[in-house]
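Note sheet for the following structure.
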Amino acid sequence: MKPQPPKRALKFFRWFCREDYLEEIEGDLVELFEKRYEASPARARRGFVWSVIKYFRPGFVRSFFNIKNSNTAMLQHNIKISWRNLKRQPFFTVLNTFGLAIGMAGTLLISLFIYDELSFDKMYPGSDRIYRVNIENKIAGEVNKYAAVSSPLANVMRRDYPHLELVTRFRHTEGKLIRQVDAEVNVKEMHVVGVDSTFFDMFGFDLLIGNKATAFNEQNSIVLTRSAAEKHFDINKAVGQSMLMDNKDVYIVTGVIDDMPRNSLFRDHTVFLSLNSFADHDSPAWNNWNFPTFARLRPGASVAEFQEYLGTVKERYLIPWAMTFVPGLTIENSREESKRTGNYMIFDAIALEEVHLNSPNLSGEFSANGDIQNIYILALIGVFMVLLACVNFMNLSTARSLRRAKEVGIRKTLGSERVGLVRQFLTEATLISFMSLILGLGMAVLVMPYFNQLADKSLEIPLLSPLFWMVLILAMLLLGLFSGSYPAFLMSKFSAIKALRGGAIKTRDGNVRSILVIVQFSVSVFLIVSTMVVFQQLKFIQNKDLGYNKDQILVIEDVDATGDQVLTFKEEVKRLAEVSNVSLSSYLPTPSERNGTTFFPKGHVLQSDYAIIIGNWDVDFDYVSTLGLEMLVGRDFDSNLATDSSAVIFNEAAVAQLGVTPEEAVGMLVTDDFRDGSETEMDWKTIIGVVKNFHFETLRNGIDAMSLTIGTESKKMMVKLKSSDYSASINRIERAWREVAPGQPFDYYFMDDSFNETYKAEQRLSKIFVVFTVLSIFIACLGLFGLAAFNAEKRSKEIGIRKVLGASVSQITYRLSVDFLKLVALAVVLSIPLSWIAMNRWLQNFSYRIDIPEWVFVVAAVLAVIISLLTVSYQSIKAALSNPVKSLRSE
Amino acid sequence: MSEPSLGEFEELVLLFVAAHNQEAYGVLILECLEEKLQKKVNISAVHVALKRMENKGFVESNFGGITNERGGRRKKYYSITSLGKKVLDRQYELRTSIYNQIPKISFGQ
């Protein structure tokens, strides 16, 4: 028995060594082993193993891609053949790759956008257990929701309801002017909020500088975000600095917090004040809805139970509180009343994670919410784009299938099974999909900055995230398999004999192809219609008669910073030649402060049937004339009449709530000073006029009831300009400002800009619509172009014969184009009702909306036909002009 | 076109292939090398040199018959090609011509 070399080493060697070297080297190794075995078996074994290891090097290791009789060999073969095929048809390959790449890039951007929107408010610890308490209030037939609630609610919940881990309160406040006490220049911070000491625990934030346990314990404590703090001082020296707010209140800096996460509802906020700095922080009043309140449930606590508990709060606390000053009010008669009138008011809770996408913008919201509907629309567009690109691929591949019939025939004759053929075609599709992925990724990287601008985001492509790549590659494979499946299925079906015999192979794929073209153009027409409707609606909103004139009005912010000089400043500005009118008020029809009150008409004080809860704006004597509001009946405030300081102007909606006609309303006495004393001691206001309804909320909402009264405290000044040379006028006003308010920022904007700002979401949506519509149509056209090219080629003999027999170029062009036009026409017919339904639903979001005009459909149809005609006609004309000799010669 | 180069170890292996033309195979060359050089050489080094030179066209190889040795595995015999011989000659000439230029050097004290 001969000595045996180490088995494992030999096995390993046989596994890795290239086949053509194996016998020789193995032989040498064994021979050497046998020779040395006699001297020392152990050493021989060691030597053998060591030599084997030394052979494990590039020159000797076999190519593992070359393993024959295995799947990898077939795969390599498939890839090679695919690559050759793609190279042989560069036109088709470029068309496909390009279309698919655009689709992928678009979908990638949309996906990142959606992913970002879905990530809102999920980063806090236990965020799935955090709820915000809302108020839902129905009065005079209208339901309103508020994101801020009464001040005592937080304490009541803490005391009553054991399943809460933590409760925290905020208090909204307007933007503030901030400076260090000894500094001169103020900085305006737009987003300031009062917070409880439990803020950090609730949302898991940490302070960069300062102690979070005590930061909000003292009154007049202030915490700034890093970027807000850096405007004033080095953040390391922040703690203990004294800051002046609105030039009057001193706050002490107790900490610096990192800038708020971009996908958090606090994202705009830069200044946090201790809640106990606010006079009303421990107010027992249940009718002051200024405090956004968040609660975190204990793990496992039931949300339904919590909601149920909130439902009982009104009768347990709010009504008993109201009973202390409303004579005759009992829980029973308040129930009865709400049954009779249908009015109600209830506390309820919404999950924090739902706030961003699944709740409308309520008053008291921290920042503007997204809209789940837009997410759906975008997702739909994304799916459409990929679908269009896939359809292109299927169309072009099946169209070219005849060319490859011979290949299929030969493969089958040589023994290829159908599965093998399917694999071949799928490999081709995946290869295209892979090239598109690379191209599309490049495109996405390039257009990312523009997309961010368009969508008002700061998204990045997470090129370093393995998960991202996994998803991407998976998507690519799926896309390749999906778009390749139909052509593969179809082509592998050819019978070998028929394919090789030549002549026409009859397939029914023509029908499928027609359906695919119809789908593509239906989607395109749908998108065209949608885009036009969105634009029409926006135009309608922007040009709608709002009931006031927003043009040429300059709004100057923070005029209260001038202190007692404000009236001097107003007179000063009014004297300028290019100024036609000036008015002071904090309340504008564009986004600004809002305030409400409850009025009772004389004779019905404290009778809840007669109460009207309406907006109440403090304005000055020039308000109505500056805004160009129209008086329906009665008169405007008159500065010459001393009694007008206790006069009130109602709008039409308010008069309707009173239940009288505008004419009857003028001269009526109303009061909002009903809490103490008898009717004689109350402060009565006379309705001196009724103003026509004007739109002071966005046109998504209707017009609420409101009233105007004369007030003295105002933060904003409206300046109506005459001339169109705005910059000169603004310069002159600024000069006047510098004199009365040195060191205060001169902040101004035009009212119509602010108005347009309100519709930014719609404008953004419409732009996104346009971009992706154009892209989708482009993809569809690529497909059609390819299909037309193929069709012309397939029918080249037919065209040649027709030409020989005397057909004109125009006749042939017509013949080649008309088939496609039929499909496009069918697509138009299909998509018009669909788009009509969809856009009508979208328009339901607006209180004031257009009826979709018929011409939109006509334009979309004509556009689709023209675009497809242009796409097809190039190929058709080219074919019609070609020399018939060329196409007929080969027969 | 410059001719492929010949390394020192490769040259030695090539010399043995030439010396045992038609008879040279891995183990034989290894044994000769170890004997002449008086040091251990790994069989893999010999094969690397052989394969490289085969790629360069200095040697060619063919299998011998099946024998009872080596578990029935055939030997692969190497022989030098004319190109290999030419390279070897030139190398030799180059060395001797330079060697002959060496003046008499005395390493005396």
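Throughout, read-outs are computed from the coordinates displayed, never taken from laboratory work. These numbers come from a predicted model, not from an experiment. Cβ atoms come from the backbone with ideal geometry, glycine included; neighbour counts cover every protein chain shown.
Descriptive notes on the structure:
- Centroid-to-centroid, using Cα positions, region A:11-32 and region A:699-761 are 90 Å apart.
- Taking chain A and dividing mean pair separation by its residue count, relative contact order in percent (alpha carbons under 8 Å, at least six apart): 13 percent
- Label-point separation in nm, A:Arg335 to A:Leu118, each point 7 Å along Cα→Cβ: 4.5 nm
- Choice from B:Lys36, B:Lys56, B:Lys85 with maximal GNM fluctuation in chain B (Cα, 10 Å cutoff): B:Lys36
- Kyte-Doolittle mean at least 0.5 and Cα axial length at least 20 Å: DSSP H helices in chain A: A:90-118, A:372-399, A:418-455, A:466-491, A:509-543, A:760-794, A:809-843, A:854-881
- When the Gaussian network model of chain B links Cα atoms closer than 10 Å, the mean-square fluctuations of B:Gln38, B:Gln91, B:Gln22 top out at B:Gln38.
- Relative contact order [Cα under 8 Å, 6+ residues apart], region B:1-77, whole percent: 27 percent
- Estimated at 0.36 nm per residue, the fully extended path between A:Ser639 and A:Tyr450 surpasses their Cα-Cα distance by 62.8 nm.
- Pairs from the table (A:Lys138/A:Lys457; B:Lys36/B:Lys76; A:Lys237/A:Lys760) lying more than 32 angstrom apart at Cα are A:Lys138/A:Lys457; A:Lys237/A:Lys760.
- Burial order of peptide ranges A:198-207, A:594-603, A:554-563 (average beta-carbon count within 10 Å, highest first): A:554-563, A:198-207, A:594-603
- Formal net charge of residues neighbouring A:Phe468 (Cβ-Cβ distance under 14 Å; K, R +1; D, E -1): -2
- With 0.36 nm allotted per residue and the present C-alpha distance subtracted, the A:Glu630-A:Ser495 stretch has 40.4 nm of extension available.
- Cα-derived Rg over Rh, computed across the protein assembly as shown with Rh taken as Kirkwood radius: 1.16
- In straight-distance terms, cross-link reach from A:Lys406 covers every one of the lysines whose alpha-carbon lies under 17 Å from its own, apart from those fewer than eight places away in the same chain; here that gives A:Lys493, A:Lys498, A:Lys506, A:Lys794.
- 20 °C / 1.002 mPa s Stokes-Einstein diffusion coefficient of region A:7-62, Kirkwood radius on C-alpha pairs, µm²/s: 189 µm²/s
- Nearby aspartates and glutamates by direct alpha-carbon distance to A:Lys550 (threshold 14 angstrom, same-chain neighbours under 8 apart not counted): A:Glu630, A:Glu697, A:Asp752, A:Asp753, A:Glu757
- For the residues of A:31-41, the average number of beta carbons from a partner chain within 10 Å of their own beta carbon is 2.
- Number of partner chain Cβ atoms within 10 Å, mean per residue of B:44-50: 5
- B:Glu31-B:Gln91 FRET efficiency (beta carbon distance; Förster radius 25 Å; 0.05 resolution): 0.60
- Nearby lysines by direct alpha-carbon distance to B:Lys39 (threshold 19 angstrom, same-chain neighbours under 8 apart not counted): A:Lys35, A:Lys54
- Förster radius 35 Å - calculated FRET efficiency between A:Val303 and A:Glu713 (Cβ-Cβ, nearest 0.05): 0.25
- From the Kirkwood radius over Cα pairs of region A:321-403, Stokes-Einstein at 20 °C and 1.002 mPa s returns a whole-number translational diffusion coefficient of 114 µm²/s.
- Separation of region A:254-274 from region A:446-461 is 24 Å, based on Cα centroids.
- Taking every residue in A:45-53 and counting other chain Cβ atoms within 10 Å of its Cβ, the average works out to 2.
- Other residues with beta-carbon under 9 Å from the beta-carbon of A:Lys692 carry, at +1 per Lys or Arg and -1 per Asp or Glu, a net charge of -2.
- Here the calculated FRET efficiency for A:Arg267 and A:Ile375, from their Cβ-Cβ distance with R0 = 25 Å, stands at 0.90, rounded to the nearest 0.05.
- Separation between Cα centres of region B:1-72 and region A:75-146, rounded to whole Å: 63 Å
- Radius of gyration and Dmax over the Cα atoms of region A:553-757, both given in Å: 18.2, 56
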